[in-house]
1. Looking at this structure, is Trp363 under 29 Å from Gly120 (Cα atoms), at pLDDT 95 or above and open to solvent by 10 Å² or more (accessible area, probe 1.4 Å)?
2. Report those helices (runs of 4 or more DSSP H) wholly inside region 285-369 carrying at least 3 residues which are more than 24 Å from Lys133 (Cβ to Cβ) and in the same structural domain as Thr112 (by the TED database).
3. Restricting attention to region 213-241, and to residues there that are among the aromatic types (Phe, Trp, Tyr) and in contact with a strand residue (DSSP E or B) (Cβ under 7 Å, 6 or more places away or on another chain), which single residue is most open to solvent (accessible area, probe 1.4 Å)?
4. Just to check your reading of the model, which residue among Ile442, Ile412, Ile481, Ile455 is closer than 20 Å to Gln576 by Cα, outside any helix (DSSP H, G or I) and outside the structural domain of Val311 (by the TED database)?
5. Consider region 98-117. How many of its residues are open to solvent by less than 10 Å² (accessible area, probe 1.4 Å) and touching a Pro at 6+ places or on another chain (Cβ under 8 Å)?
6. Does region 111-120 contain at least one residue that is over 24 Å from Val444 (Cα atoms) and in a loop (DSSP other than H, G, I, E, B)?
7. crowded, with 18+ Cβ neighbours inside 10 Å, of a type in the set (A, V, I, L, M) and under 14 Å from Phe549 (Cβ atoms): does that describe Leu467?
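The values are calculated or read from the model by the stated rules, or taken from the named source; none is laboratory data. Please read these numbers as outputs of a predicted model, since none were measured by experiment. Virtual Cβ from ideal backbone geometry, glycine too; neighbours counted across all protein chains shown. All accessible areas refer to the heavy atoms of the entire protein, side chains included, with ligands and DNA or RNA removed. Shrake-Rupley method; radii C 1.70, N 1.55, O 1.52, S 1.80 Å.
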Amino acid sequence: MVEAGEIGGAAVFALAAAAALSAASSLGAVDFLRPLAVGGGAGFEWDGVVPWLIGVLGGGGEAAAAAGGVSVGVAAWYEVWVRVRGGVIAPTLQVAVWVCMVMSVMLVVEATFNSAVSLGVKAIGWRPEWRFKWEPLAGADEEKGRGEYPMVMVQIPMYNELEVYKLSIGAACELKWPKDKLIVQVLDDSTDPFIKNLVELECESWASKGVNIKYVTRSSRKGFKAGALKKGMECDYTKQCEYIAIFDADFQPEPDFLLRTVPFLMHNPDVALVQARWAFGKDFIPNFAVNDTTSLLTRVQKMFFDYHFKVEQEAGSATFAFFSFNGTAGVWRTTAINEAGGWKDRTTVEDMDLAVRASLNGWKFIYVGDIRVKSELPSTYGAYCRQQFRWACGGANLFRKIAMDVLVAKDISLLKKFYMLYSFFLVRRVVAPMVACVLYNIIVPLSVMIPELFIPIWGVAYIPMALLIITTIRNPRNLHIMPFWILFESVMTVLRMRAALTGLMELSGFNKWTVTKKIGSSVEDTQVPLLPKTRKRLRDRINLPEIGFSVFLIFCASYNLIFHGKTSYYFNLYLQGLAFLLLGFNFTGNFACCQ
């Protein structure tokens, strides 16, 4: 059965596609009719390069006569290079260019659709209560209202979380909910005996205050977070819980979190998940400061997450009632988890895996952006890279594993299948990382040395500008750091493409799990959250892939500066190379900037 939201989403998507294709056509996209056209597109002044090289190598006068053989040899080798370049390299790269152009249009259509829905939702003041029933529960302290409160369990998976275990456990135990209707389950996979003992003592302390708190451990870390959550669901007392709230160790929900989310599940039997938004500073929660403004690294991360929640999650929820569970700050219906097959550790995105499987069974999801849960951003470049690699690799790997299941699913509409396979998986998990890295970090730099290669201006200028405008519209507060965000994302595309390929092809390390290190929220807003200093080897202090790319980009930029023709990319390439170089040496702006 197709719902109004899905029909509306399909209509908006069709309009976005039509607008993007129309714009591309008017800007010269008709060049798609000549996908293998090469020669003369870039306008490099190669005729002047060869004489210059021969003159430098051959000298003049008697030296020129003596070095005549060298000059002839250089010219011969150059002739071979021109033939190979024009007959093999340029046609191959030209095919890659047009593939990237197609993928770029796909990306623009997807971004336009999500932003149009997001802006429409904001413009009309749309709220989940318009589509799904919501009624407040009686106060938790009123005996009269205790009967209508369902049994809820709060799960907190953690692993050696010395810096934040007290914060997360304390926030969960202070949730406003009848004490006899709430179970707090701490799933501790810690391998450090000292930390493990501290967590257990914290649980005992809250138990002495009347909180029904359970401390659960395992003999091994099989399945990592998914394994811990699965273990927690196997406990006997879990069977009496209708709903499961999940918070990672660095998340601290507000006391009224359950009062605002659980009613959605109680009054809408077809809803499996209510997802809240992550908050990293005091933009939305007064007197709350973690680390969103303490460095340039955390600022650009916040832009990434703001776009994800404001645009992608909002669009999916408002149109198809589907989006990816973020792994934390959400409440699940226990029945939906069980019907979907429970938690699985086959990928590093167990949250996304469960969400997709539950959706295939016909369950709906609700995203409530007004409910925000305190969290923390990775404070080092290495930690952020590991987090992003895990997410990008896991998403692509899940696409490989579950695409056929989506195609044959019987409980969802054809429109929803298209949205899941095309928008949610193909464009976001595969196309986005591939085209961004291949086109802007590989093909464009190489084009300065291959004059036969033709790159349409709308593909390297207008499309990036359109994506920038779309992103800026939903992040007006971050306009002043947009240039840094662009350069930072340029570097991250290499990591995300490698992760996507690793997941799609199941290369070595595709199912590797690394926990993101936390620093806690005890720092002031003007302090820099740094992890405890440890002695590191030189290779651990620098990032060789980033440095290698910086050398490549700076070389191409210098070459373009010396031998540039009609198309000059050297200014952008120098900036990209500098960004790669700075991150290669782990400089991430660890100071309070732009305040």
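1. It is true that Trp363 is under 29 Å from Gly120 (Cα atoms), at pLDDT 95 or above and open to solvent by 10 Å² or more (accessible area, probe 1.4 Å).
2. Answer list for region 285-369: none.
3. Among those residues, the one meeting the criterion is Tyr215.
4. Ile455
5. 1
6. Within region 111-120 (the criterion being over 24 Å from Val444 (Cα atoms) and in a loop (DSSP other than H, G, I, E, B)), the answer is no, since none of the residues qualifies.
7. No: the conditions fail for Leu467.
Condition check ((1) in a loop (DSSP other than H, G, I, E, B); (2) in contact with a helix residue (DSSP H, G or I) (Cβ under 9 Å, 6 or more places away or on another chain)) across all residues:
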site: Leu198; (1), (2): no, yes
site: Leu201; (1), (2): no, no
site: Gly210; (1), (2): yes, yes
site: Ser219; (1), (2): yes, no
site: Lys222; (1), (2): yes, no
site: Ala228; (1), (2): no, no
site: Asp248; (1), (2): yes, yes
site: Pro255; (1), (2): yes, yes
